[in-house]
Amino acid sequence: MKREVRHYPKGVLFLKPDVPGAKMWSVALSKTMLTYFEIDPHGKFSTHSHASEQITMVLKGELFFRVSERIIRLQSGDVLAIPSHILHAAFTKRRFAKAIDAWSPVTKKYRG
């Protein structure tokens, strides 16, 4: 990957489908990544884990995470930090969610 500063003006990052009911875009460097998600009501990311650390911040709406048997509810402004290799799932209920994730190292699944 080139070592250069990249600028992404509003309007050049287009939402693309991810899991059913969710759309996203991503920006990545060689060691870090940022993803933006819009998740419809009743959207679901099944239980999974990954080598990347993940920090999620909800911008709007409401997003739930299942970690072990615990359910964590995130609302606008809330942040959740998930270490690597921790099993988790994410889902919405009746409300939509808009959220950003920071990842390190870059997760290949979401590399743009």
Problem set entry | Where GluC sites (Glu not before Pro) in DSSP loops with at most 16 other Cβ within 10 Å are excluded, longest remaining stretch of the chain | 5-68
For this session: For Arg111 and Asp40, compute 0.36 nm times the residue count separating them, minus their Cα-Cα distance, and round to one decimal in nm.
Result: 23.4 nm
Seminar exercise, completed: If the chain between Tyr8 and Leu87 were fully extended at 0.36 nm per residue, the gain over the current Cα-Cα distance would be 25.2 nm
For this session: Kindly give the semi-axes, whole Å and largest first, of the ellipsoid equivalent to segment 1-58, taking each as the square root of 5 times a Cα gyration tensor eigenvalue.
Result: 23, 17, 9
Seminar exercise, completed: Hydrodynamic radius by Kirkwood for segment 55-106, inverse mean 1/r across distinct Cα pairs, in Å, is 11.3
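With the contact rule set at Cα under 8 Å and sequence spacing of 6 or more, what percent relative contact order holds for the chain? List each step's numbers first, then the result.
Details: 269 pairs, mean separation 37.2, N = 112.
Worked out over the chain, it gives 33 percent.
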Seminar exercise, completed: Within the chain, excluding any trypsin sites (Lys or Arg not before Pro) found in a DSSP loop (not H, G, I, E or B) and having at most 10 other Cβ atoms within 10 Å, the longest uninterrupted segment runs 32-93
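Readers should treat all values here as calculations from the given coordinates under stated rules, not as data from a laboratory. Source: prediction; values computed, not measured. When we count neighbours, we look across all protein chains shown, and the Cβ atoms used for this are built from the backbone with ideal geometry, even at glycine.
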